[in-house]
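First the structure, in the form of structure tokens, and then the observations on it.
The values are calculated or read from the model by the stated rules, or taken from the named source; none is laboratory data. Source: prediction; values computed, not measured. In this analysis, Cβ positions are derived from the backbone assuming ideal geometry, glycine residues included, and neighbour counts consider all displayed protein chains.
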Amino acid sequence: MRLWIFCLLVFCSFLPAHLAGQLLLRGSLSDQIESRTQELQYQLNTLSKQLAKAGYLDDQNVVSVNSELSLLSDIYDGRIMIVDRTFEIIKDTYAIDEGKYNVSEGVLRCFQGEASSVYSKRAQRIQIILPIYDAGLAQVNGAVIMTSSTRVIENMVDSYYEMAGVIDLVMLICAAFLAFFLSSLLVRPLKKVTEAINKAAFGDMDLVEVKDCVETERICGAYNQTLTRLKTLDESRQEFVSNVSHELKTPLASIRVLADSLMSMEEAPVELYREFMGDISDEIDRESTIIEDLLTLVRLDKSSTELKVGQISINEMLELVLKRLSPLAQKRNIELVLESFRPVVAEIDEVKLTLAVTNLVENAIKYNIDDGWVRVSLNADHNFFYIKVQDSGLGIPEEAQGKVFERFYRVDKARSRETGGTGLGLAITYSVIQLHHGAIKLYSKEGEGSTFTVRIPLIYIA
Ligand SMILES: Nc1ncnc2c1ncn2[C@@H]1O[C@H](COP(=O)(O)OP(=O)(O)OP(=O)(O)O)[C@@H](O)[C@H]1O
Ligand SMILES: [Mg+2]
């Protein structure tokens, strides 16, 4: 990542400046050649008129013209040749080709009245050919050829290129330094976050705070949220495991005490054996109930838990629950009443919801006073059905109300043990209602009884 940022910064800062420089230099060479060509054309034009006027094609001993020719060739570092109508070179400022003939394409075209100018980069020169007209400007009598060196211009532009190369190098070094500095600055906060996350991988679950920039703050925020959730999960898992082992050990410890005391007696009466064996059997039942409840909870906890949803009459379901529990209520002369305000049919998992409601009604009986009452009511509107389980029992103290749905939580441990509770019933009820996308609420006052209300959608939302 850092390398990428570095390359990007170098690329973005250096390349545009380098390209702009190259374009300017290239433009500068063609501009200078162009202006030199125009200047030469102007000078030759004047010369051509002067030559015609002085009759130079017939007499080359005109001093003023000759000195003008040598002056021009000196100024422009060039060579001027004059060709007459027989294509003979009658004047060469280099005095090399005089008397020779020039029938080049440019000269031939010139005699047809066509001036030409050619720049040759390879030969580093500009060649201009202009016609020399007669006095009436009707006929081309000769041609004036000028070849001017462009070496000075090219050398100057070359030196510009060399300078640009040095500037490029300096710029590249500066850009690299700047990019190195900026990329370190950008990557540093991310490095800190990575280090902190790596620490967590080795068990150091501290929250991370890197406030160098908004982005890292956000990453840290999201990471801390996940970490806190993981910590909570880990704590609740540890608590759950210790609770489970404690709960599973309790019946086993009782069995061991009962069995040890029987074994220590040499001749125990048969009645005592029976009584102790009965107690051992009760403890085994208790152990199986705990294991069964735990397995139910584990199954409900799985994210893939699927409900076997069907169109179920809730009235019939509640009647069945109350019928099953009525012997328990009768034992303590507790009145069990069902109030159905309307027939309700809803999409639910019958087995699971029956278990949830059974837990509620069973609690209402278990934590009730003798000769008390339990009232179960059913109502519905367009979207939900409502089950209310009300009792005249002991009630739940306010500080315990938020905890009763936790696993293994019991208000009065001694009493719950007496009634055979493990503290898993309401946790199971809560999970089942959650799976149905419903809600459960508790209203209670110590000594005045409790009311649990359940709200579940009539149509199951998958
Ligand atoms: N209707 C109620 N009236 C008073 N206390 C209640 C009532 N329902 C639940 N509680 C309290 O909440 C605790 C948790 O209930 P929960 O049903 O989860 O466990 P449990 O009844 O102890 O055991 P089990 O797993 O056998 O149901 C109970 O131990 C009891 O103290
Ligand atoms: Mg219970």
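Odds and ends about this structure:
- Selected residue (only one of Glu362, Glu335, Glu287, Glu339 is surrounded by 12 or more Cβ atoms within 10 Å (Cβ to Cβ), in contact with a Ser or Thr (Cβ under 6 Å, 6 or more places away or on another chain) and of a type in the set (Asp, Glu)): Glu339
- Selection within segment 363-397: residues that are more than 22 Å from Ile428 (Cβ to Cβ) and among the charged types (D, E, K, R). The member of this set that is nearest to ligand 1 (Cβ to nearest atom) is Arg375.
- Beta carbons closer than 9 Å, at least 6 apart along the sequence or on distinct chains, pair a first residue in segment 348-359 that is within 16 Å of ligand 2 (Cβ to nearest atom) with a second that is aromatic (Phe, Trp, Tyr) for Ala356/Tyr430.
- Check on Val170, part of a helix (DSSP H, G or I), exposed (fewer than 13 other Cβ atoms within 10 Å of the Cβ) and either outside the structural domain of Phe11 (by TED's automatic domain parsing) or touching a helix residue (DSSP H, G or I) at 6+ places or on another chain (Cβ under 9 Å) (or both): yes
- Residues that are surrounded by 12 or more Cβ atoms within 10 Å (Cβ to Cβ) and aliphatic (A, V, I, L, M) within segment 226-251 comprise Leu227, Leu230, Val244, Leu248, listed in sequence order.
- Residues of segment 417-462 that are crowded, with 19+ Cβ neighbours inside 10 Å, more than 9 Å from ligand 1 (Cβ to nearest atom) and in a loop (DSSP other than H, G, I, E, B): His436, Gly438.
- Checklist (1) closer than 20 Å to Gly55 by Cβ; (2) among the small types (Gly, Ala, Ser); (3) in a loop (DSSP other than H, G, I, E, B) applied to Ala143, failing item: (3)
- Whether a residue is within 16 Å of ligand 2 (Cβ to nearest atom), at pLDDT 95 or above and of a type in the set (S, T, N, Q) was assessed, and Ser416 does not pass this test.
- Some residue of segment 363-377 being more than 16 Å from ligand 2 (Cβ to nearest atom), small (Gly, Ala, Ser) and not assigned by TED's automatic domain parsing to the domain that holds Leu328: no
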